[in-house]
Amino acid sequence: MDVIERPLDTAAKRVPSGLGLDAPFRWLTRGAALLVVAALGAMLAVLVIWSWPALSRFGPAFIVSGHWNPVTEVFGASAPIAGTLITSAIAMAVGAPMAVGIAIFLNELCPYRLRGPLGVAIELLAAVPSIIYGMWGLFVVAPLFANHVYPVLITWLGPLPVVGQLFQGPPFGIGMLTAGLILAVMVLPFIASVSRQVLASVPAVLREAAYGLGATKWEVARHVLIPHARRGLIGGMMLGLGRALGETMAVTFVIGNAHRISASLLQPGTTISATLANEFTEASGDIYLSSLVALGLILSGVTFLVLLGARYMLARADRKMPT
Amino acid sequence: MLNLRATTVLAAVMAFGVSGGVATAAEITGAGSTFAYPILAKWAAAYKDKTGVALNYQSIGSGGGIKQIEAKTVDFGASDMPLKPAVLEKNGLIQWPVIMGGVVPVVNVPGIKAGELKLDGATLAAIYLGTITKWNDAAIAKLNPGVKLPDQTIAVVHRSDGSGTTFLFTSYLSEVSPAWKSSVGANTAVEWPVGLGGKGNEGVSNFAGQTQGSIGYVEYAYALQNKMAWVEMVNRDGALVKPAIATFQAAAANADWAHAQNFNLVLVNQPGKASWPITGATFVLMHKVQDQPAQATAALKFFDWSYANGQKMAESLDYVPMPANVVTLIENTWAADMKSADGKPVWTAAR
């Protein structure tokens, strides 16, 4: 009861008992932040040092050449680099619009009773381990594609000029397209979940005003919600792209693991992370190992460039269309 | 005080002296080949029941095994590819074969069951080079009179990970095809001219299983357990052979281990009417000069016991145990070449 009896101003003037902990707390948090920077720097340093023998030996040819020959110890990384970019591009082209569509449906159009269960179901996709996606891709998706999807694509799209080149060759069911589509499913929950949050944060006033003006649901989504939330939407896509670029197990199962660049999306290829997963354990010889580390360095570089590019586009979009 | 210390030192010296002769190690460590892992694990379990000495073997791949033994972090390394004498010399290592097995081509062609298709080395190499692309190619038809071959594209499947199985398979193709030798060569991983890569035996068997018109290669045990359509091969003597323990043993028996320096012998394409052409061994690597002779002796005792008592276990897992005459050669090598740091032989027990 004496707490109530004490005048309020004495309580405010009392020296906080936790003051002595303030300085250590500041140092602790600063230390944690600096540790992350130091770890990143150390990782980059190790990547550069270990990959130096290969990079200095092959020079720019390492990035340009498509030969990956452990027998003669001549290594070029163009096939895995191209495979990484192509599969991620397919994943984003298919996954990102679908994820934003799901987010709009769940937030705006879905009957209220279904929002919870559907939202949880989409987010559970993120909880599935990537090895499960790999096995699902190998045992279920690949045979299905080999028997029913690839033959149709080859028959109908293969003969077309220019575009047709993307859909030619024997129907294995595994290759760039399968890997890209599996990745699309994997990045879906990340993008959808972030998109839902940013769409929900659009002020209700804007929405109500638009409906008040007689806008349809499509018009509200297209002209109000998406422009207002685009920064967050792109942020979510970047998260997804980050996962797609580095994803290893699921891709290794379904991409076919061939060090070749084919014009056709239906043919086997490889990605940087799949190559590392496949070959690191048995890489004998210093140049071989060094070349694999150099691949890791390039993957870090590609991821960095993608993030940089996305930030640049974001900044430009902001200047063009102020909100 | 001084006296006590002197006694302690004396006791330590005595203990060291004794341990040089009698192994007191409770755990042997090894790393390397995934091909040999199942049999090493089986031997180790039986050996532990018998003697109480455990084996801690990490199946991290032959490349990793070689690195670990060079760094002396394990008592022995295991590699499916024998090291060249110069490399052994440089790192102060000796090697010997511990177990043998066979690699088998498998196919998935509609209407063709296990053992119905016959191939020879040159045709197999041409398929993997991409110069033969259809199942009804004249070269395949000539080897298979009476077999109905479809007009279907051959889907070539290979291992995507570095592997001792790939080393044996590509060594064989290099032996039988000059074109393969000059353009691709032999290693645990190669630059494949055509085809798709599956990770591990299971990856290859899966691609081969679900892709019609495919051909792949797996370890014999794997082909048996998964009931895959294996291929009969024409061997060096021109005879048709089936993959089986007997034909692997025939290849091993004809191998001239006695004259192979450092047991550096790849068993592919061996002479003899009954020899399976794609047979190989896993090799154990140990240092010539042992800093911890007790550990080395414990490891050698384990291998000695396994050679003597592990044949049945090896055959139950579809491996081929080393013949007795080769074991004698191996143990002579241990006695002659492996020494403790002060020059005492590590292996003295005779069988």
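What the table shows:
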| read-out | value |
| --- | --- |
| Folded to 0 to 90 degrees: helix B:293-309 orientation relative to chain B principal axis, Cα | 50 degrees |
| Accessible surface of B:ASP237 - all protein chains present, 1.4 Å probe, nearest 10 Å² | 70 Å² |
| GNM result for chain B, Cα springs below 10 Å: residue of B:THR51, B:THR247, B:THR153 fluctuating most strongly | B:THR51 |
| Those residues of the range A:276-292 for which accessible area with every protein chain present is at least 40 Å² below the isolated value (1.4 Å probe) | A:ASN278, A:THR281, A:GLU282, A:SER284 |
| Alpha-carbon centroid distance for the pair the range B:85-148 / the range A:177-226, whole angstrom | 55 Å |
| Surface share of carbon and sulfur [accessible, 1.4 angstrom probe, percent] for the protein assembly as shown | 66 percent |
| Semi-axis lengths, Å, chain A, gyration tensor of Cα atoms, sqrt of 5 times eigenvalues | 43, 33, 18 |
| Mean separation of Cα contacts under 8 Å (6+ apart) over length of the range B:59-200, as relative contact order % | 23 percent |
| Long-range Cα-Cα pairs in chain B (distance over 26 Å), rounded percent | 51 percent |
| Modelled FRET efficiency - R0 51 Å, A:ALA33 with B:LYS113, Cβ distances, 0.05 increments | 0.20 |
| Inter-part distance where the range B:284-343 and the range A:73-151 are each reduced to a Cα centre, Å | 51 Å |
| Average partner coverage of A:252-262, which counts Cβ from other chains inside 10 Å | 5 |
| Packing rank of B:72-84, B:336-348, A:181-193, where each peptide gets the mean count of other beta carbons within 10 Å, highest leading | A:181-193, B:72-84, B:336-348 |
| B:LEU240 versus B:THR73: modelled label distance in nm, points set 7 Å from Cα along the beta carbon direction | 5.0 nm |
| Complex-versus-alone comparison for the range B:120-162, residues with a loss of 40 Å² or more in accessible area, probe 1.4 Å | B:SER160, B:GLY162 |
| Cα-projected label distance for B:ALA54 with B:ALA26, points at 7 Å along beta-carbon direction, nm | 0.9 nm |
| Rounded tilt (10° steps) of B:164-176 against the dominant C-alpha axis of chain B | 60 degrees |
| Buried accessible area, chains A and B (both chains, 1.4 Å probe, Å² to nearest 100) | 2300 Å² |
| Chain A - mean residue ellipticity at 222 nm from DSSP helices (-39,500 (n - 2.57) per run, n ≥ 4, rounded to 500) | -21500 deg cm²/dmol |
| For chain A: relative contact order, % (alpha-carbon pairs under 8 angstrom, 6 or more apart) | 26 percent |
| Förster radius 60 Å - calculated FRET efficiency between B:GLN152 and B:THR348, Cβ distance, rounded to 0.05 | 0.45 |
| Placed amide H near B:ILE99: partners under 5 Å, 5+ positions off or other chain | B:THR282 |
| Gyration tensor verdict on the range B:103-255 (Cα atoms; rounded if a/c is under 1.5, prolate if a/b is larger than b/c, oblate otherwise) | rounded |
| Modelled FRET efficiency - R0 56 Å, A:ALA200 with B:ALA41, Cβ distances, 0.05 increments | 0.55 |
| Net charge, B:THR51 excluded, C-beta distance under 12 Å - Lys, Arg +1, Asp, Glu -1 | 0 |
| log₁₀ of I(q)/I(0) at q = 0.08, 0.10, 0.11, 0.12 Å⁻¹ - the protein assembly as shown, Debye sum with one point per alpha carbon | -0.76, -1.03, -1.16, -1.29 |
| Residue order for B:LYS148, B:LYS42, B:LYS181 - accessible surface, 1.4 angstrom probe, largest first | B:LYS148, B:LYS181, B:LYS42 |
| Helix runs (DSSP H) in chain A reaching 15 Å along axis by Cα, Kyte-Doolittle at least 1.6 | A:78-104, A:176-200 |
| Residue-normalised accessible area of the range B:310-351, expressed per residue, 1.4 Å probe, Å² | 51 Å² |
| Other-chain or far-sequence residues with amide H under 5 Å of A:TRP68's (modelled H) | A:GLY76 |
| Of A:ILE104, A:ILE132, A:ILE174, the one that fluctuates the most in a GNM where chain A has Cα springs shorter than 10 Å | A:ILE132 |
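The values are calculated or read from the model by the stated rules, or taken from the named source; none is laboratory data. Bear in mind that the values here come from a model prediction, so they are computed numbers and not experimental data. Cβ atoms come from the backbone with ideal geometry, glycine included; neighbour counts cover every protein chain shown. Areas reflect the complete protein model, heavy atoms only, side chains present, ligands, DNA and RNA absent. Shrake-Rupley method; radii C 1.70, N 1.55, O 1.52, S 1.80 Å.
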